[in-house]
1. What is the Cα centroid distance between the stretch 113-133 and the stretch 285-305, reported in whole angstrom?
2. May I ask you to give the solvent-accessible area per residue for the chain, in square angstrom, as obtained with a 1.4 angstrom probe?
3. Could you give the size of the charge dipole of the stretch 305-432 about its Cα centre, using +1 on the Cβ of each K and R and -1 on the Cβ of each D and E, expressed in debye and rounded to the nearest 20?
4. Please give, to one decimal in nm, the separation of the simple spin-label points placed at Leu296 and Ala387, each 7 Å out from Cα toward the Cβ.
5. Based on alpha-carbon centroids, what's the gap between the stretch 331-390 and the stretch 260-284 in Å, whole number please?
6. For the chain, what does the helix formula give at 222 nm: sum of -39500 (n - 2.57) over DSSP H segments with n ≥ 4, over the residue count, nearest 500 deg cm²/dmol?
7. Two decimals, Cα atoms only, Kirkwood Rh: what is Rg/Rh over the stretch 364-428?
8. Given the stretch 174-318 reduced to its alpha-carbon atoms as identical point scatterers, what log10 I(q)/I(0) does the Debye formula return at q = 0.19 Å⁻¹?
Amino acid sequence: MRHALCLMLALLSLAVPVTRADTVVVTADRMVDVLAGRVVANPQITITDGRIVAVGSKGAAAPAGARHVDLPGMTLLPGLIDMHVHLTSDPRYGGYRGLEFTDGFWTVVGVANAKRTLEAGFTTVRNVGSGDYADVAIKQGIEEGFVPGPRIVPATYAIGATGGHCDATEFPPSISVPAPAVANGPEELRATVRKLRKYGAEVIKFCATGGVLSKTDTVGGQQYSLAEMTALVDEAHMLGLKVAVHAHGTSGIKDAIRAGVDTVEHASLADEEAFALAKQHGTYFSMDIYNDDYILAEGAKNGLFPESLDKEKQVGRRQRETFKAATAAGVRMIFGTDGGVYPNGNNARQFATMVAWGMTPMQAIRAATATASEALGRSGDVGAIAAGRYGDLIAVGGDPLADVTRLQTVEFVMKGGTVVKGPGLAAAGGDR
């Protein structure tokens, strides 16, 4: 009986195919360790089945059969994270120009922008507002291997009050515009949060104050009460979702923090009390301080409303001054660019602006890696080159801590152990 059992097990082992782990070893001259805040010489990163399994020194033993990607002269960093993008937007179609296209056009735009963003070194993005649940569709297309792109955390629609920044205010009463995420009062807001989660939202975004690109409101005017914000945030948190709030105005920023939001987007007119509240509540600021240059240079040509250009002139420099003060005050800052208000794919241009307005290069890089992953609640899988996290790596020539603009020219991108740009593309299997 013992011999018969052994024979049966042997036959079964022949019938079951052996699955070999896919392993790639990446080496370079330097690595930015964003967790320790230092540069490591001659790193060797071992990635198996898309996850980092070892971080050591070049020349260490590598698993048999592993593929190798060597990046001489380059500096490795974690895949970058942009916490505020709109992949389905293109700034060339400002004002009423976007009405020239059918609804599905914007999903096509989003597919192209997703590829462009990934190739720029951003392997994770938080998409904080798109129509028709298009960000969920693009995320699904990427995950199923139909199109290339970053890991997407979708918000679907941004929630807004009637007549507010996230409502369509540029039309007369005779034109009816679908408004699936316009909600007023605590109960409507709770129901809207539930609906967006039902259809794929992984973060909730709402508009607490006016904004720049809306036509008829004031940029800083508060548009939801504290009671309304609290109901929305409580509902989202009960469902396990984090909350991002669009807020330029001072009172709206502070009430949103009191309501428990996780990140404040823009934060242009935050004051010292807002900084103190953010530190007390553990709230992150996501401040898009680069795009002022683009809006003022290109906005009129792109068809932006004159009202929007006037509002940008009011808040652009003030937002940068607020950014500098918030950084000095110790507010937790994350990298968010508002990609889509300027061309997606140029996200890394903001690093130089962040450094010019008070951050060190390491602080700016951490804002787009380790700190961003904390704000996402995903410190276990993105935001650092560390065992257990995804094999999301980028590389640039030279030292980005000496010249942060080097991040504008990313030469190598790997997502989940697969090379999608640069040296080693063929050896590592190409783009999925």
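1. Cα centroid of the stretch 113-133 versus Cα centroid of the stretch 285-305: 18 Å apart.
2. Details: 17740 Å² over 432 residues.
Each residue of the chain exposes 41 Å² on average to a 1.4 Å probe.
3. Details: 15 positive and 12 negative charges, 37 e Å.
Computed charge dipole of the stretch 305-432: roughly 180 debye.
4. 5.0 nm
5. So the separation of the two Cα centres works out to 17 Å.
6. Values: 12 runs with 144 residues, N = 432.
That comes out to -10500 deg cm²/dmol.
7. On the way: Rg = 12.6 Å, Rh = 12.7 Å.
A ratio of 0.99.
8. Relative scattering, expressed as log10 I(q)/I(0), comes to -1.14.
The values are calculated or read from the model by the stated rules, or taken from the named source; none is laboratory data. Computed from a predicted structure; not experimentally measured. Glycine also receives a Cβ, built like all others from the backbone with ideal geometry; neighbour counts cover every protein chain displayed. Heavy atoms of the whole protein, side chains included, go into the accessibility calculation; ligands, DNA and RNA do not. Shrake-Rupley method; radii C 1.70, N 1.55, O 1.52, S 1.80 Å.
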